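In what follows, a structure is listed as structure tokens, so that the remarks can point back to it.
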């Protein structure tokens, strides 16, 4: 209730500042000013509750202010993992689990992508803008399909092994040997998963001209479409 009331006070303060043509950004940075307004407005409860319904129409500010007060009320020893004790797999978020099961790139191929080695999925998305002929596009699709199928299989194995590792700790029946077996298995699988995505970037790049790679970079917003050094035309 205390946090909710403080949140409402801050939102009222934003409303007041807007009326004075003051910047919301400046207000959000001015924690001292926020505290002063809280103290002042906190003395007039009737005024506060008249605004409750109106303030509920501002979810963006609700989020910002909630984050601020959550941080203020969190002690220095509180773990960022707090609240995640009930997770299905402690080492992975629900989003990461889905990404592994869907064989997604998860940013693992950035060393290739950001060094002028296009990725097959994004390449297919801009195929027409790069004037890829049907044969080249077909080869890119085949590379993507093979990579994706392998990634889905490996991703499933990664999730299953993470689940086993979690269960071993949860049951308190884990020892050094079991720990080594599971973490080694997860490490090997993750290495293969990443290598598969990086290898796909290598393979499709061989199919492209330097001009097409430069155009791809420009479309993706990388370095104003720089030409890759030392690239041989296919």
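Nothing in this text is a laboratory measurement; each read-out follows from the coordinates by a stated rule. Please read all numbers here as calculations on a predicted model, not as lab measurements. So basically every Cβ, Gly included, is an ideal-geometry build from the backbone, and we count neighbours across all protein chains shown.
Details
- Cα-only Debye scattering, segment 94-220: base-10 log of I(q)/I(0) at q = 0.12, 0.16 Å⁻¹: -0.53, -0.78
- Gain in span if fully extended, residue 82 to residue 174, counting 0.36 nm per residue against the direct Cα distance: 30.8 nm
- Taken along the Cα-to-beta-carbon direction at a fixed 7 Å, the label points for residue 209 and residue 129 span 1.9 nm.
- Radius of gyration and Dmax over the Cα atoms of segment 157-207, both given in Å: 15.4, 52
- Ranked by how many other beta carbons lie within 10 Å on average, peptides 128-136, 215-223 from highest: 215-223, 128-136
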